[in-house]
Amino acid sequence: MSQPARTRPNSTPLIVAAIVLIAVFSYLNWRKWFADSSSESIAAASPSDATAVIEPRAPRPPDLSRRLRIVPEKVDAGTISLCSAPKVVDVELVNDGKEPLKVVGWATSCACLVPQIDAGFTIEPGGSTRVPVRIDPLGIGGKSHRLDFRLEGNSRGGSARFDYVIESPLIPMPILISRPDREDTVVVDVERIDPEGAPIPEKFRVTGIEPPVGKVVDATADGHVLVEVDFKAIDALAERASPNDEIFDWRERGGARRWHSMQLSVATDCPTCPELRIRVRNR
């Protein structure tokens, strides 16, 4: 009688399980080896601290050798009128540093602030320079403007702020009279106003213009007189004027001198403003 065939056990599941265990063991050991290698690399780069903390860069100390101080930094110029001489106030530029400072120019937040000094002056260490600043009133009401001084190398040297109030019974329109691009004349409407700036319809007359570079055109309505300003006449006057003539501000460009602005005085029969002063500007 024949014996039944012996059944061979299936070993495939065991083989698969063994392969999986070997793979998991290898993966875990690989992660541990990689972590240890990374730690050793960090420790080699920074032996005292494996985290290698980067310290922030210390701020650069200020250059105490270049210090310009403005005295005062805030100027209260009080009340200014278009019917009186321009107001001039002084500021002091003090060199608190250890090196000479050369003031090469300035910038203003309004063309109404005009330093009465030529740029390019030098202040020695511990020294100071007085700078007269003329205030040309533009408009009416409260004003606040800044004057910035520039040092050699185009660095900022300090600033002063000027606060003041403009009051005037007469006002020119436009407020800023500048030379036009194509024409040689500008018509200015001189208006009579109250302290709040509202028009007053009361007649007045313009009785004269000095220097004679303009003329009365018409009185269009009560409280208004039209005055025509002739820029060609101003050019001719500037050619004959002395460099010290106080009615002109001069600018040097390319070795040539030209007038930058001029003060025009308009005489009137208005009892509260017998002389209106207007600043006219060149291009």
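What follows is calculated from the coordinates using simple rules that are stated; it is not laboratory data. What you see is a predicted model; the values in this text were computed from it and never measured. Because the Cβ atoms are built from the backbone with ideal geometry, glycine has one as well, and the counts that use them run over all protein chains shown.
Of note:
- Between Thr220 and Ser84, the modelled labels are 3.1 nm apart [label points 7 Å from Cα along Cα→Cβ].
- For the range 68-167, share of DSSP beta bridges that run antiparallel, in % to the nearest 5: 85
- Computed across the range 68-167, the Kirkwood hydrodynamic radius from all distinct Cα-Cα pairs reaches 13.9 Å.
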